[in-house]
1. How about the stretch 299-395: which trypsin sites (Lys or Arg not before Pro) there are in a DSSP loop, with at most 10 other Cβ atoms within 10 Å of their Cβ?
2. Just to be sure I understand the model, the point goes 7 Å from the Cα along the line to the Cβ. What's the resulting Glu325 to Glu50 distance in nm?
3. How about the chain: what cysteines have no other cysteine beta carbon under 4.7 Å from their own?
4. Go ahead and estimate [θ] at 222 nm for the chain from helices alone: -39,500 (n - 2.57) per DSSP H run with n ≥ 4, summed, over the residue count, rounded to 500.
5. Taking all pairs of distinct Cα atoms, average 1/r, flip it, and tell me the Kirkwood hydrodynamic radius of the stretch 10-280 in Å to one decimal place.
6. GluC sites (Glu not before Pro), restricted to the stretch 230-280: which are DSSP loop and have at most 15 other Cβ atoms within 10 Å?
7. Take every DSSP beta bridge with both residues inside the chain and express the antiparallel ones as a percent of the total, to the nearest 5.
8. What is the magnitude of the charge dipole of the stretch 158-288 about its Cα centre, with +1 placed on the Cβ of each Lys and Arg, -1 on the Cβ of each Asp and Glu, and no other charges, expressed in debye to the nearest 20?
Amino acid sequence: MDVSVPVSEAAADLPALTAPAGRPFGVYIHVPFCATRCGYCDFNTYTAAELGDSSPDGWLAALRTELELAAAHLGEVPEVSTVFVGGGTPSLLGAAGLAGVLDAVRARFQLAADAEVTTEANPESTSPEFFAALRTAGYTRVSLGMQSTAAHVLKALDRMHSPGRAVDAAREARRAGFDHVNLDLIYGTPGERDDDLRGSLDAVLAAGVDHVSAYALIVEEGTALARRVRRGELPAPDDDVLARRYELIDRHLGGAGFAWYEVSNWSRPGGECRHNMGYWNGGQWWGAGPGAHGYVAATRWWNVKHPATYAAVLAGRRLPVADFENLSEGTAHVEDVMLRVRMRAGLPLAALSAAERTRAAIAIDDGLLRADGGAVVLTDRGRLLADAVVRSLLD
């Protein structure tokens, strides 16, 4: 087993944790496997060639151990309202593997009767049988990586699925009984035209999904895309183009009955992703798997990244925590403002200091925020400048 960090140095001792009562509690599972590496992605993922003898079966065995140790570490185990299996490409595990993941969670945590259980999936590694088996296993929501229906855009992103496969997969999931299906889009890819994005949005609506996530392309350092941009092979995304594309998305989806509930997320009524809303609204979660992050009480931690190191630490019956931090009241406040201001529900004025409320009033005068009862909400223009609004509030 090849581990880049000695096991004795790979894990930190996590302090005692007690999940606060009355706040949503979720479980996030990170699946680190991908068939290929997309050029824009900087997530903690590995291809089979990079992992050598590390296998999905070994990862699942280690995951079971982490969840066992997690439940013991929490003491009084909170009821789980949401489970989210992300990655990576969870669908590479197959329906049986994903059923095993959910069984591992159920073995150590009590799921709420109405728990939302989501898995991400690559359209190419799904089928009608796959979705039917997931529903039988207890999954309630599927999130599919679509990115675009334009072949040249998918090529620029190094995406392997065919342009129409994501729509077919979404329809298969709906026919299998999934009421909640999400399609992910990326906009602003070099070479993308407005008509390419319109075509992708038309395909999303034709698929009959109830949720859409749309993200501006970010050129992350260390990725193949960043190297191509640096060499001049591709232009960097243009901020003005990104703003225009965002407005196009919002108009297109809004006209079809979707409403934004977070800056990058739209849904039909009742289709919001409850797990992600837990992140944005101060919920708590245990993050399991290589590189996963967790947050309980005022403690945030992150696991060791490499699957081999992860498995080796857990073989020694230790939580695979690389490090942790205890958030100060000030840091927690900053993060609360950063996240909640992005929500359509808005940022409660009561959560702001007197000076911050004064700055919020200035943002209202500037047309970036609007008052809504006891909260401030981003205007359409404010959504385009959400990061700047946060900076202005926090000074």
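1. Numbers: sites: Arg300, Lys305, Arg317, Arg318, Arg340, Arg342, Arg344, Arg357, Arg359, Arg370, Arg381, Arg383, Arg391; in loops: Lys305, Arg317, Arg318, Arg342, Arg344.
Filter output for the stretch 299-395: Arg317.
2. Distance between the two pseudo-spin positions: 2.4 nm.
3. Unpaired cysteines in the chain: Cys34, Cys273.
4. Values: 16 runs with 160 residues, N = 395.
Counting only the DSSP helices, I get -12000 deg cm²/dmol.
5. 19.7 Å
6. Glu233
7. If we restrict to bridges inside the chain, about 40 percent are antiparallel.
8. Working: 16 positive and 21 negative charges, 62 e Å.
Using only the charged Cβ atoms, the result is roughly 300 debye.
Quick note: the coordinates plus some simple rules give every number you see, no bench work behind them. Just so it is clear, the model here is predicted, and its values are computed rather than measured. Every residue, glycine as well, gets a Cβ built from its backbone with ideal geometry; the counts of neighbours run over all protein chains shown.
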